[in-house]
Amino acid sequence: MKKKIALISANVYKIPYPVYPLGISYLASYLSSALPDDFEVKLYDFNQEETESFPDFMRDNDFLLVGVSMRNFDDSTNIYEENIFIIKYREIMDIVRSHTNKPVVIGGSGFSVFPELMFKELNPDYGIKGEGEESLRQLVLALDEGREPYDIEGLAYRLPDGTFCVNGHTKYISAPVLHVENKWVDYYWKEGGMLNIQTKRGCPYDCIYCSYPLIDGRHVRTLDAKMVVENIEELYFSKGVSYLFFTDSIFNIHKDYNEELANRLIKSKANIRWGAYFSPSNMTFDELKLYQQSGLTHVEFGTDSLSDRQLEKYNKKFRFPDVKKQSEYCGNLGIFYAHYLILGAYGETEDTLNETFGHSKELGFTIYFPYIGMRVYPDTKLCNIAVNEGLIRSSDELIDPVYYISKDIDEETIRVRAAATGQRWVFPDDPQSPMVDVLRKRGRKGLLWEYLRY
């Protein structure tokens, strides 16, 4: 009889569209290839399944281990409409516990940012912080063989005296295996209009607010380009998936690798279009042109500010001339591009805001997605700043989102001043364009925010 492992995607957030649970697919693919043949991985995705069917999933299987992945702790980028997901996670954990006495492990990016908090709230047997494939494999084998698992990298647990512990990561896998779940692809391709895939893990940058290094680490690991393209070809030829979003924290951080990937995509027979997050720097016109030839149609720049003084305070490595040059490259090539900004955050003044609004007129036919204030995450430089300034206490768990908003700006005037630039600004709580809704219903694929520029 097979030894069954449950992997559960607990994410139920579908705004602006449901996102394929890539982390679970990597975990399932890795375990299926790396565990002995007498193990079997069973999957459940709450975005597709009704909660009412979950007890049957638990009841019908005798699991050795149950893994629950939590993609988000909350919808933390939107100060106007906060969605906290911990209540749903508790509900899922209660169902799991009522149907099995076997060990439960939680993970995912939401857990990796708030490991101790979520451990306390959900009371699992174990957690895995950061990259999970090899850690989970070792945990499965240790539990199956009756061994203590406490030396496993990334493992979170409590000692008998109640002390919470998280082991650090010193090693990472170099070539994660990915085989997408066919029945899942149909749903996310139809409902989301795209699928997501990864080419790199880790972020070398040190932005004061960012949680990416807490999730994936600072050491950049590139996934095997040949394998990535084979995955893309599988999606294209078996399911007709023709638009992908690369989920790397920043796509343009490894020139040689990106060149290899782009050339493989060009030589591939899969005629895909794609988008990704980019830094508005560190990229030549010829590099961007090569990416376009490989299918790039949408660039999302993590720009944050159009004021050099603010960029320095955010610990960004580029300045406004870089932003302008990269925007011109996109415009000259006919690539859709958008800038994501953070307004009114740490160090912001009326003068720096005016700089951003003034410079927004110089970046061509683009669209701005601004957020007001910075979400404070644990273990970031912004968290230390917030403690030192008395916004939070060092003991605060931050279970309720806290935003850093500069006292030196008039928050109430931001929307009016943005509109006065004559540019296209879309704030998080703005209603989406009816045109985009119609296009999605008609089967149009991709990001589609280019239609919001008008």
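The values are calculated or read from the model by the stated rules, or taken from the named source; none is laboratory data. In this text, all values refer to a predicted model and were calculated from it rather than measured experimentally. Virtual Cβ from ideal backbone geometry, glycine too; neighbours counted across all protein chains shown. Surface areas here come from the heavy atoms of the whole protein model, side chains and all, with no ligands, DNA or RNA. Shrake-Rupley method; radii C 1.70, N 1.55, O 1.52, S 1.80 Å.
Here is a yes/no grid of residues against (1) touching a residue at least 60 places away in the same chain (Cβ under 8 Å); (2) aliphatic (A, V, I, L, M); (3) in contact with a strand residue (DSSP E or B) (Cβ under 7 Å, 6 or more places away or on another chain):
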{"site": "L341", "(1), (2), (3)": "no, yes, yes"}
{"site": "E362", "(1), (2), (3)": "no, no, no"}
{"site": "I367", "(1), (2), (3)": "yes, yes, yes"}
{"site": "M374", "(1), (2), (3)": "yes, yes, yes"}
{"site": "D379", "(1), (2), (3)": "yes, no, no"}
{"site": "L398", "(1), (2), (3)": "yes, yes, no"}
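Taking the listed residues Y291, Y329, the one that is out of contact with any Leu (no Cβ under 7 Å at 6 or more places or on another chain), modelled with pLDDT of 95 or more, under 28 Å from V228 (Cβ atoms) and outside any loop (DSSP other than H, G, I, E, B) is Y291, with no other qualifying. Here A270 fulfils each of the conditions (1) in a loop (DSSP other than H, G, I, E, B); (2) open to solvent by 60 Å² or more (accessible area, probe 1.4 Å) apart from (2).
Exactly one condition in (1) surrounded by fewer than 20 Cβ atoms within 10 Å (Cβ to Cβ); (2) at pLDDT 90 or above is false for I79; which is it? Condition not satisfied by I79: (2).
Only one of (1) open to solvent by less than 10 Å² (accessible area, probe 1.4 Å); (2) in contact with a Gly (Cβ under 7 Å, 6 or more places away or on another chain) fails for G331. Which number is that? It is condition (1) that G331 fails.
Taking T297, is it assigned to a strand (DSSP E or B), buried (at least 22 other Cβ atoms within 10 Å of the Cβ) and out of contact with any Cys (no Cβ under 7 Å at 6 or more places or on another chain)?
In short, no.
For the range 1-36, the candidate set comprises residues that are at pLDDT 95 or above and in a loop (DSSP other than H, G, I, E, B); within that set, the residue that is nearest to the chain's Cα centre (by Cα) is L35.
Suppose we keep only residues that are of a type outside the set (D, E) and more than 30 Å from the chain's Cα centre (by Cα) within the range 410-419. Which one would you say is nearest to L382 (Cα to Cα)?
First pass over the range 410-419, keeping only residues of a type outside the set (D, E): 413-419.
Among the residues that remain, those that are also more than 30 Å from the chain's Cα centre (by Cα) are: 413, 416-417.
On the way: T413: 24, V416: 28, R417: 26 Å.
Residue satisfying both the conditions and the ranking: T413.
If the condition is being open to solvent by less than 10 Å² (accessible area, probe 1.4 Å) and under 21 Å from K129 (Cα atoms), then the range 45-66 contributes D45, L65, V66. Restricting attention to the range 335-376 and to residues that are over 25 Å from G275 (Cβ atoms) and part of a loop (DSSP other than H, G, I, E, B), the residue that is most open to solvent (accessible area, probe 1.4 Å) turns out to be Y346. Of all the residues that make up the range 86-122, how many are in a loop (DSSP other than H, G, I, E, B) and either over 21 Å from L398 (Cβ atoms) or modelled with pLDDT of 95 or more (or both)? Of the residues in the range 86-122, 4 are in a loop (DSSP other than H, G, I, E, B) and either over 21 Å from L398 (Cβ atoms) or modelled with pLDDT of 95 or more (or both).
Would a scan of the range 204-227 turn up a residue that is crowded, with 16+ Cβ neighbours inside 10 Å and more than 24 Å from D248 (Cβ to Cβ)? Scanning the range 204-227 turns up no residue that is crowded, with 16+ Cβ neighbours inside 10 Å and more than 24 Å from D248 (Cβ to Cβ). Tell me yes or no: at least one residue of the range 232-239 is at pLDDT 90 or above, open to solvent by 60 Å² or more (accessible area, probe 1.4 Å) and among the hydrophobic types (A, V, I, L, M, F, W, C). Yes: the range 232-239 contains one or more residues that are at pLDDT 90 or above, open to solvent by 60 Å² or more (accessible area, probe 1.4 Å) and among the hydrophobic types (A, V, I, L, M, F, W, C).
Determine if the range 381-390 includes at least one residue that is in contact (Cβ under 8 Å) with a residue 24 or more places away in the chain, surrounded by fewer than 17 Cβ atoms within 10 Å (Cβ to Cβ) and assigned to a helix (DSSP H, G or I).
To start, the set of residues in the range 381-390 that are in contact (Cβ under 8 Å) with a residue 24 or more places away in the chain comprises 381-382, 385.
Adding the requirement that they be surrounded by fewer than 17 Cβ atoms within 10 Å (Cβ to Cβ) leaves 381.
Those still in the list that are assigned to a helix (DSSP H, G or I) too: 381.
Checked the range 381-390: at least one residue is in contact (Cβ under 8 Å) with a residue 24 or more places away in the chain, surrounded by fewer than 17 Cβ atoms within 10 Å (Cβ to Cβ) and assigned to a helix (DSSP H, G or I).
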